[in-house]
Amino acid sequence: MRTTKRTTTTTKESYQVEDAIVCVSKYIQAMIIDMLINDSNDKDHYSHHGFHVISPENASYLMLNKTPKKKETKFVSFYELADIAMVSKWWMEVASQITSKSIEIDGPLRGSYFSKRIESFKWNVYSGKGKEVDRRINYDNFDYTRLPRLLPHLKTLDIVGVNLDKKAVRAIVQVINLFPHIQATFDLSEDHNRRGEWPSGVKFTGIKPVVSIKSVDHYGYFDDPPVIETFHRMIYRLQPTTIHIGSEIGSRIGEIDHYNYQRLFPFLKTCTQHINIEYDFIELRYLKDIVNTDSFNHTQSLNTGIVVMCPLEEELNGVVKIGTCSKCTYGLFFVQDTLKDWDQLCTNLTNNTSLKQLCLGDRHGPRRPSSKNRFDDRWYLKKILDYEEIEMELEEEETIQTPSVSVERLVSSFSPIWQTNNTIELLGLSNLARIISPLFFDSLSLNHSITILKLTNGTLEKEYIPSFCQLIMTNQTIKALDISGNRLAPSTDLNQAFQQNKSIQILNIANNQFKKDIFDSLLESDSVQYLMIDYYLSDYKQHRYFIESKSLINCFNAKSVDTVFTPYYSPFFD
């Protein structure tokens, strides 16, 4: 056990560790305290071959904002400060100076937690875990009217509520109302079948807070009518800016919990700007209304899965096989979308004037043998050991002629959108090779609003590379490009396209089969500021690109995502 004793010097402290006296300067101690406080919550702190690993959430942030996410103001919990104070009084004084303007508190409040110097306050409120309310958590024992006196210089108020009961809700609303001049943020999450309910008569009286509602793994929201009705009433009362719905079971390909969005969307018409559907899909017959500016004129960003091939392919082939696909049927539910719905969706997207960010993904997962993940052990052996037989085998596979993955009937409606729509700035397509074709890239070449393009997880097939390369060589609008997860083989055309492009500043090429020649091309153009690669490409860390490039600011190792969707598409959840 370490014990502390004061010495005569004012610049050092002595620590007795196993009969040895260690003197550490206060400068070094202050550095240690700062690291304990500010570095303990860094998601992307570790590295591989010298490149920092970036999470999917922060990768999305980088794509959207053209710069990595800065460290947020560190909210230090009262318990963290207490742990530091156990070392010495001086440690507590240093920690108080570092964190004097911000604090984070979990659970019920106490007056002793606060300092009048605090400018930022984050409060995590919860009523228990799972279905049960923890009766020991009591939010009635604190006089909240004291807060304006305890926090006279408060500037920001952030509240996170998880599985709240009515008492916790009343406490939160009272705190927000006590600072009517501050626009608070209120993130409300519910899961595990907790039936949250917003008490009647409880309202915000000052500036309306920015509200986000998140429901993940709440199975009652998928099949329990009373729970669904309660949820919808809460949305009506809170008027959330952001709505996030998903079920973790949907992350496993082949399983599904599907929400009835037809009931939900009327409550989102007048307020919700950001809609995020995780591991689920919206039927085309409902999705077409969401992107109709005449009915949903507040929607700015939309991330959802869609199912196009089962119902539409059957209609194209004149065959009806209702309920035969396990991935788009659930109990008595089955997808009933038609080509008419698809055409109307595309028409509404063409005319939409409010949507700025659109991400769509095929809920089915990989659709054809050529989309098989060939980024496997054989490729690894070929790359690392250069086995000649393996290389020949891979070359033979590349020569196999496969039919086009594009479905012309779907492409004919989808591609023209991008010649006309001039408001969408971010377009993301995941595992949707069948709705694009060379015509799609021709349309994009005429588009001047899209600055962020994400064609991921099998969307960019080999047959599209010539048209895609032509787009890259001629388009000067796209500033951020993500082609990760397409398992693309090394390509001379692609290398030449990157050599000529001078506009792309953010580039994600992870989870493909590129070799070191891709870095030669990037050095030739030298416009990329932030690059995301995978573990295998990081083996080329000694490439001259990383030494000679004048534009490259940072290179990251991007974490691979096993599912079709990147969880928490984060422009509106950061």
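The values are calculated or read from the model by the stated rules, or taken from the named source; none is laboratory data. This structure is a prediction, so every number in the text was calculated from the model and none was measured. Reconstructed Cβ throughout: ideal geometry from the backbone, glycine too, with neighbour counts over all protein chains shown. Side chains are part of the model used for accessible areas, which takes the heavy atoms of the whole protein and leaves out ligands, DNA and RNA. Shrake-Rupley method; radii C 1.70, N 1.55, O 1.52, S 1.80 Å.
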**OP:** State whether one or more residues within the stretch 150-160 are surrounded by 15 or more Cβ atoms within 10 Å (Cβ to Cβ), touching a Leu at 6+ places or on another chain (Cβ under 6 Å) and modelled with pLDDT under 95.
**Re:** no
Original post:
Just wondering, is there one or more residues in the stretch 214-225 that are modelled with pLDDT of 75 or more and within 20 Å of the chain's Cα centre (by Cα)?
Top reply: yes
Subject >> Count of the stretch 284-319 residues which are assigned to a strand (DSSP E or B) and surrounded by fewer than 16 Cβ atoms within 10 Å (Cβ to Cβ) >> reply: 0
**OP:** Give the stretch 136-169 a look and list any residue that's of a type outside the set (A, V, I, L, M, F, W, C), part of a loop (DSSP other than H, G, I, E, B) and out of contact with any Ser or Thr (no Cβ under 9 Å at 6 or more places or on another chain), or say none.
**Re:** R136, N138, D140, N141, D143, P152, H153
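Condition (residue is under 21 Å from the mean Cα position of the chain (by Cα) and surrounded by fewer than 19 Cβ atoms within 10 Å (Cβ to Cβ)) applied to the stretch 540-547: is it met by at least one residue?
Start the filter on the stretch 540-547 by keeping residues that are under 21 Å from the mean Cα position of the chain (by Cα), which leaves none.
No: zero hits.
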**OP:** List every residue pair whose Cβ atoms sit under 6 Å apart, with the two residues 6 or more apart in sequence or on different chains, where the first one lies in the stretch 415-439 and is within 17 Å of S301 (Cα to Cα) and touching a residue at least 60 places away in the same chain (Cβ under 8 Å) and the second, anywhere, is of a type in the set (V, I, T) and not in a helix (DSSP H, G or I).
**Re:** T423/T353; E425/T451; L426/I452; L427/I450; L429/T459; S430/T456; S430/V564
**OP:** Take the stretch 203-216 and flag every residue that is farther than 14 Å from F231 by Cα and surrounded by 19 or more Cβ atoms within 10 Å (Cβ to Cβ).
**Re:** P209, V211
Original post:
Quick check: anything in the stretch 170-177 open to solvent by 10 Å² or more (accessible area, probe 1.4 Å), outside any loop (DSSP other than H, G, I, E, B) and in contact (Cβ under 8 Å) with a residue 40 or more places away in the chain?
Top reply: no
Subject >> Positions within the stretch 448-466 being modelled with pLDDT under 95 and closer than 16 Å to E425 by Cβ, in sequence order >> reply: H448
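If the requirement is being in a strand (DSSP E or B) and either within 21 Å of F231 (Cβ to Cβ) or out of contact with any helix residue (DSSP H, G or I) (no Cβ under 8 Å at 6 or more places or on another chain) (or both), which of these qualifies: S200, S189?
Details: S200 fails: in a strand (DSSP E or B).
The conditions single out S189.
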**OP:** Residue by residue through the stretch 105-134, note down the ones that are open to solvent by 40 Å² or more (accessible area, probe 1.4 Å) and modelled with pLDDT of 80 or more.
**Re:** D106, P108, R110, K116, R117, E119, K122, Y126
Original post:
Can you tell me which residues in the stretch 384-431 are under 19 Å from L455 (Cα atoms), open to solvent by less than 60 Å² (accessible area, probe 1.4 Å) and at pLDDT below 90?
Top reply: V405, S406, V407
**OP:** Name every residue in the stretch 454-480 that is charged (D, E, K, R) and farther than 14 Å from I509 by Cβ, in order of residue number.
**Re:** E461, K462, E463, K479
Original post:
Give me the pairs: first residue in the stretch 509-530 and of a type in the set (V, I, T), second residue in a helix (DSSP H, G or I), beta-carbon distance under 8 Å, and six or more apart or on different chains, which are they?
Top reply: I509/I518; I509/L537; I518/L494; I518/N495; I518/F498; I518/L537; V528/L522
